[in-house]
Amino acid sequence: MSETNASRLDTDELEQKVKAVYQDVARSPDGDFHFEMGRDLAERLGYDPSVLDRIQSRAIDSFAGVGYHFNLASLEPGERVLDLGSGSGMDVFVAAIYVGDEGTVVGIDMTDDQLENGRRYRDDGGFDNVSFEKGYIEDLPFDDESFDAVISNGVINLSAEKDRVFAEVRRVLAPGGRLALSDITSEEQMPDSIKTNADLWAACIGGAVQVDDYADAIETPGFDVVDRRANDRYEFTSDRAQSACQTYGVKSISLVARKR
């Protein structure tokens, strides 16, 4: 995102709107949102039903991801994983199953209600290798080279400082570590009227970066994008989002990048 747009977007207002949306998700996952949620969505995107069966159903009810990237992440037993914007924790628990008891998974989120849910579902599900921390993805509260893999699902588009996010991800990854994510991008550059509207950012539209620029933003701090795929099974539900899809090619992608 350019500094011009960043300076015109009220980032404090954006943070409050995003927190409000995902507080509502945590409290009322059956509410009316601009995106799909729940197990049917997860399975359609590619999640293994046998893995989902091992996770608290309430965590799956609050799942609001936009794609599937665990096949790109290729998590191995014993690895250390960080989930950016972990919400109520479904992806954290999926990762915990893949890395096993000898691995660890940390979820970071800025929303208290989501963190409370994640910790409760962790305890109820017996995921002893999982922790949830409060914080911001632009300023990660972790030491350098703390993780083997970083994952994220539908979150980085909500940040007005994506360059900081990717720089922080690189800092906390061990040498050769990888970033696997799903996110919302666009085929065309969107006008300032959309990119400076906090409501549209909170709706996962305003923060969507043109897809090649998104890849460049990842590679700039020292990553190589090694695979990128479109998530054709993800569908926007609101009229506003569908209009953006038609006009600007807003879409979901998954990718994996490796630290140089």
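The values are calculated or read from the model by the stated rules, or taken from the named source; none is laboratory data. The structure displayed is predicted, hence computed values, not measured ones. A quick note on method: Cβ atoms are made from the backbone with ideal geometry, for glycine too, and the neighbour counts reach across all protein chains shown. These area figures cover heavy atoms from the full protein model, side chains too; ligands, DNA and RNA do not enter into them. Shrake-Rupley method; radii C 1.70, N 1.55, O 1.52, S 1.80 Å.
Quick notes
- Within the stretch 239-260, tally of residues that are free of Cβ contacts under 8 Å to residues at least 60 places away in the same chain and of a type outside the set (S, T, N, Q): 4
- In the stretch 110-121, the residues that are touching a residue at least 40 places away in the same chain (Cβ under 8 Å) form Cβ pairs under 6 Å with partners that are open to solvent by less than 40 Å² (accessible area, probe 1.4 Å) and not in a helix (DSSP H, G or I), at six or more places apart or across chains, as follows: Gln114/Gly87; Gln114/Ser88; Asn117/Ser88; Gly118/Ser88; Gly118/Gly89; Gly118/Gly107; Gly118/Phe132; Tyr121/Gly89.
- Tyr68 passes every criterion in (1) among the aromatic types (Phe, Trp, Tyr); (2) open to solvent by less than 10 Å² (accessible area, probe 1.4 Å); (3) under 20 Å from Asp232 (Cβ atoms) apart from (2).
- Residue check: Thr247 meets all listed conditions (1) touching a helix residue (DSSP H, G or I) at 6+ places or on another chain (Cβ under 8 Å); (2) open to solvent by 50 Å² or more (accessible area, probe 1.4 Å); (3) at negative phi but one, namely (1).
- Unmet requirement for Ser193, which otherwise passes all of (1) in a helix (DSSP H, G or I); (2) in contact (Cβ under 8 Å) with a residue 24 or more places away in the chain: (2)
- For the stretch 84-97, a residue qualifies if it is in contact with a Phe, Trp or Tyr (Cβ under 7 Å, 6 or more places away or on another chain) and not hydrophobic (A, V, I, L, M, F, W, C), and the qualifying residues are Ser86, Gly87, Ser88, Gly89.
- Selection from the stretch 173-193 of residues that are over 13 Å from the mean Cα position of the chain (by Cα) and buried (at least 21 other Cβ atoms within 10 Å of the Cβ): Leu173, Gly177, Arg178, Ser186, Met190
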